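Reading through the C-alpha cells given below for one structure.
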Amino acid sequence: MIDPRQLFQHHESNVRSYCRTFDALFVRGAGSELFDAQGRRYIDFLAGCGALNYGHNDPDMTEALVAHLREGGLAMSLDLHSQAKHDFIDNFVAHILRPRGLPHRLQFTGPTGANAIEAALKLARKRTGRHNIIAFSNAYHGLSMGALAATGSRHHRMDLLHGGVTRLPYDGYLGGEVDSAALLDALLDDPSSGIDPPAAIVLELVQGEGGLNVASTPWLHRVFAAARRHGALTIVDDIQAGCGRCGNFFSFDDQALVPDLITLSKSLSGFGLPLSLLLVAPEHDSWLPGEHTGTFRGNNHAMLTATVALRKFWADDALRTQIDRRGQLVAQALTRMAAHVPEARIKGRGMFIGLDMRTRERAAVASARAFRNGLVIETAGARGEVLKVMAPLTTPDALLHEGLEILSDAVVSACG
C-alpha cells in the first residue's frame, strides 16, 4: 500500500497547508485530544482553527446526530422549512438574541464564513447604493473574491485586482500617538480625501489571523459613531472571535455596541460541521426572495448539533465563567513564558490569546517543537510571529496545564 504521505503529496493540490506543519495521519478526536494512526496522542490547541470551540465529538451532539441519522432525518433541505432549522432558530433566538435585546434576523448564507462575508458586503452595497467598503490593516475576512478584497494579507491576495475596498489602520497599528478612528472620521468628512462614502465598515474586534490584535472600547465606539454619522453600515466579523472564544457568545457583548450586520461560522455548528449565518438588523433586511441563494444553506446535521450546543452551553452562565477562569490561567502561563522571550507581548483576550515571539523564526521553531512533544498549536500575525492558543473552551484544567507545560518548554527552547 502506498505511504499515506506520498498519496497526499502526489494527488492533493500544493495549496494544502496545515498538514505540512502538523505531519501526522490523524484518525480520531475526543474532547481536546487528537490521535494519529500510530496511536500517538496530541493535545489540541488549534481546535479546527476555531471551528471546534467545544472540542472534538461532544458526546451529546454525537448522540443527537447519530439518532437523527438512524431515523432518516433530513441531511440537507436548501431553504425549505425543516424541523432541524425550526429548532435551531428557536434556540438561537431564546439563548442568544433575546437575552441581548437583539432584533436581528437570521440569513443562512452557505457553508463557509466567506459566504457570510460575501452576503454582508453585497447586502450593505444594495442597502446603501454605495460600493466602497472600509476594512482595516491585518484583517482576515476570507478568501473568496469579495472577502479577499477586505483581507489584508498580501500572501493571500497576491497581485489580483480587488476593487471597492479602502483599507485604514486598525487600532494601535501606528502606535499610541495616532488615533486611526479620528483619521477615519476626518477622511470621511472631507469631500476631497479621495475616499468615497462607504457602504459599510467591516471589522473584527480581535484579529485572529492578523495576530490577536484587540480593538479598544473607545476606538470601537468612535468607529461605530463615524459609521452612523456617514451613513455606513457596521459589519462585525465574529466568524473566529465569536461563539464564546472571547469570553461571551459575541466578541462585542461587553462593548455596548449593536452592529447592523454580524457574520458567524466556524464553531456555530458546535461539531465542526459547516454552518454560517449573517445576522441582519430588520431595517436592513432588504433582500428580494431568492436574491441571494446557495445550495448548501440547509445543512440539517449542522443545525441539529448547533441546537444541542446552544442548549448545553448557552442556556446559563456556566461556560462563560469557565472561559474567564481558563483564559486567566492561560494568560498567567504565557506571562511566565514571556520572561524568556526578548520584548515578548501577550495578545488577545478570553480564550483567544497568544504570545508574540517577535520573530517568525522563533514562533515556527516553538510550534514545531511543541508538535514533536504532543501539542498542536499554530502561528498567526503578519509575519507568523504569534503563537496562538486556541484550546477548546471546554478543555479540562489538567489538559490545559499539560499543554501549557509543553508550550513553555518549546518557547524556552526556541529562545535558548
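Can you report the number of residues in the stretch 166-190 which are of a type in the set (V, I, T) and either in contact with a Cys (Cβ under 7 Å, 6 or more places away or on another chain) or modelled with pLDDT under 95 (or both)?
Of the residues in the stretch 166-190, 1 are of a type in the set (V, I, T) and either in contact with a Cys (Cβ under 7 Å, 6 or more places away or on another chain) or modelled with pLDDT under 95 (or both).
Within the stretch 20-29, is even one residue in contact with a helix residue (DSSP H, G or I) (Cβ under 8 Å, 6 or more places away or on another chain), part of a loop (DSSP other than H, G, I, E, B) and either among the β-branched types (V, I, T) or crowded, with 17+ Cβ neighbours inside 10 Å (or both)?
yes
Given the residues I96, I133, which is the only one that is hydrophobic (A, V, I, L, M, F, W, C), assigned by TED's automatic domain parsing to the domain that holds C243 and touching a strand residue (DSSP E or B) at 6+ places or on another chain (Cβ under 8 Å)?
Sole residue among the options that is hydrophobic (A, V, I, L, M, F, W, C), assigned by TED's automatic domain parsing to the domain that holds C243 and touching a strand residue (DSSP E or B) at 6+ places or on another chain (Cβ under 8 Å): I133.
Examine the stretch 149-160 for a residue that is at pLDDT 95 or above and either in contact with a Leu (Cβ under 7 Å, 6 or more places away or on another chain) or not assigned by TED's automatic domain parsing to the domain that holds F250 (or both), and state whether such a residue exists.
Within the stretch 149-160, not a single residue is at pLDDT 95 or above and either in contact with a Leu (Cβ under 7 Å, 6 or more places away or on another chain) or not assigned by TED's automatic domain parsing to the domain that holds F250 (or both).
Are there any pairs, at least 6 apart or on different chains, whose C-beta atoms fall under 9 Å, with the first in the stretch 231-245 and touching a residue at least 40 places away in the same chain (Cβ under 8 Å) and more than 25 Å from L188 (Cα to Cα) and the second crowded, with 24+ Cβ neighbours inside 10 Å and charged (D, E, K, R), and if so, which?
I239/E204; I239/K266; Q240/E204; Q240/K266; A241/E204; C243/K266; R245/D238; R245/K266
Hey, any hits in the stretch 74-96 for a residue that's under 30 Å from S286 (Cβ atoms) and aromatic (F, W, Y)?
Yes, the stretch 74-96 has at least one match.
Evaluate the stretch 280-294: report whether one residue or more is within 28 Å of K126 (Cβ to Cβ) and within 16 Å of the chain's Cα centre (by Cα).
no
Condition check: assigned to a helix (DSSP H, G or I) and hydrophobic (A, V, I, L, M, F, W, C). Does I134 satisfy that?
no
Here are some conditions: (1) on the phi > 0 side of the Ramachandran plot; (2) touching a helix residue (DSSP H, G or I) at 6+ places or on another chain (Cβ under 6 Å). R383 meets all but one. Which one does it not meet?
It is condition (1) that R383 fails.
Can you list residue pairs whose Cβ atoms sit under 9 Å apart, with the first residue in the stretch 39-65 being under 16 Å from R326 (Cα atoms) and not assigned by TED's automatic domain parsing to the domain that holds M303 and the second being basic (K, R) and surrounded by fewer than 21 Cβ atoms within 10 Å (Cβ to Cβ)? Count only pairs 6 or more apart in sequence or on different chains.
Within 9 Å, the pairs are Y54/K312.
Is it fair to say D409 is without any contact (Cβ under 8 Å) to a residue 40 or more places away in the chain, among the acidic types (D, E) and farther than 20 Å from N213 by Cβ?
no
Only residues in the stretch 313-329 that are under 14 Å from P396 (Cα atoms) and not assigned by TED's automatic domain parsing to the domain that holds F271 count as the first member; pair them with residues that are at pLDDT 95 or above and charged (D, E, K, R), Cβ under 8 angstrom, at least 6 apart or cross-chain, and list the lot.
R326/D397; G327/R349; L329/D397
Restricting attention to the stretch 379-406, report how many residues are of a type in the set (S, T, N, Q) and surrounded by fewer than 23 Cβ atoms within 10 Å (Cβ to Cβ).
Result for the stretch 379-406: 2.
Would you confirm whether any residue within the stretch 204-226 is within 27 Å of V280 (Cβ to Cβ), basic (K, R) and loosely packed, with under 15 Cβ neighbours inside 10 Å?
No, the stretch 204-226 contains no residue that is within 27 Å of V280 (Cβ to Cβ), basic (K, R) and loosely packed, with under 15 Cβ neighbours inside 10 Å.
Take L268 and decide whether it is in a helix (DSSP H, G or I), closer than 23 Å to N115 by Cα and in the same structural domain as R154 (by TED's automatic domain parsing).
Yes: the conditions hold for L268.
Does S193 qualify as being surrounded by fewer than 16 Cβ atoms within 10 Å (Cβ to Cβ), at pLDDT 95 or above and in contact with a Leu (Cβ under 7 Å, 6 or more places away or on another chain)?
yes
Say whether the condition of being assigned to a strand (DSSP E or B), within 26 Å of A94 (Cα to Cα) and hydroxyl-bearing (S, T, Y) is met by at least one residue in the stretch 311-327.
Checked against the condition, which is being assigned to a strand (DSSP E or B), within 26 Å of A94 (Cα to Cα) and hydroxyl-bearing (S, T, Y), the stretch 311-327 yields no hits at all.
So S192 clears everything in (1) under 30 Å from H95 (Cα atoms); (2) assigned to a loop (DSSP other than H, G, I, E, B) except one condition, right? Which one?
It is condition (1) that S192 fails.
What tally of residues in the stretch 313-330 results from selecting those that are buried (at least 17 other Cβ atoms within 10 Å of the Cβ) and out of contact with any strand residue (DSSP E or B) (no Cβ under 6 Å at 6 or more places or on another chain)?
8
Taking into account only those residues within the stretch 166-183 that are in a helix (DSSP H, G or I) and under 25 Å from the mean Cα position of the chain (by Cα), which is nearest to G152 (Cα to Cα)?
Filtering the stretch 166-183 for residues that are in a helix (DSSP H, G or I) and under 25 Å from the mean Cα position of the chain (by Cα), the one nearest to G152 (Cα to Cα) comes out as S180.
The values are calculated or read from the model by the stated rules, or taken from the named source; none is laboratory data. Keep in mind it's a predicted model, so treat the numbers as computed, not measured. Backbone-built Cβ (ideal geometry, glycine too); neighbour counts: all protein chains shown.
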